[in-house]
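Below is one structure, written out as structure tokens, with a few remarks after it.
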Amino acid sequence: QVQLVESGGGLVQPGGSLRLSCVNSGSIFSVDVMGWYRQAPGKQRELVAVIDSGMTTNYADSVKGRFTISTNAKNTVYLQMNSLKPEDTAVYYCHMATYGVDDYWGQGTQVTVSS
């Protein structure tokens, strides 16, 4: 079975950086899109960044210029987060999907930005 394993979350001060990683340990299919979502307390889960098989990226307006999504393999996706703000505090979820077939979610990793 497919399992997405996330790492890299933690506590960081405003202006700091974190790098999230997500590895698909059991892929037996071609991944069309990889992305990161986040959910803050009292908020809806929102898209943070996505990257597709053509390496096209899209970002939420709130993170443009600060976050970078990348992948170095079809089973691994990263989110580099710079210039972090308190409003970035949330649980971050990795997501991978094969269109029309299936999609998978990581367990979530907590990112807390606080002084």
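Key figures for this structure:
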read-out: About the Cα centre, charge dipole magnitude for the stretch 51-115 (Lys/Arg +1, Asp/Glu -1 at Cβ), debye; value: 220
read-out: Accessible surface of the stretch 69-115 [probe 1.4 Å, protein heavy atoms]: carbon and sulfur percent; value: 48
read-out: Gain in span if fully extended, residue 47 to residue 76, counting 0.36 nm per residue against the direct Cα distance; value: 8.7 nm
read-out: Residue 57 accessible area, assembled protein chains, probe 1.4 Å, Å²; value: 50
read-out: Coil-residue trypsin sites (Lys or Arg not before Pro) of the stretch 17-115, DSSP, other Cβ within 10 Å capped at 16; value: 43, 45, 64, 66, 74
read-out: The chain - convex hull of alpha carbons, volume per residue in Å³; value: 96
read-out: For the chain, share of DSSP beta bridges that run antiparallel, in % to the nearest 5; value: 95
read-out: Mean accessible surface per residue for the stretch 5-70, computed with a 1.4 Å probe while every protein chain stays in place, in Å²; value: 54
read-out: Length released on extending from residue 103 to residue 3, taking residue separation times 0.36 nm less the Cα-Cα span; value: 34.9 nm
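The values are calculated or read from the model by the stated rules, or taken from the named source; none is laboratory data. In this text, all values refer to a predicted model and were calculated from it rather than measured experimentally. Every residue, glycine as well, gets a Cβ built from its backbone with ideal geometry; the counts of neighbours run over all protein chains shown. The area values use the complete protein model at the heavy-atom level, side chains included, leaving out ligands, DNA and RNA. Shrake-Rupley method; radii C 1.70, N 1.55, O 1.52, S 1.80 Å.
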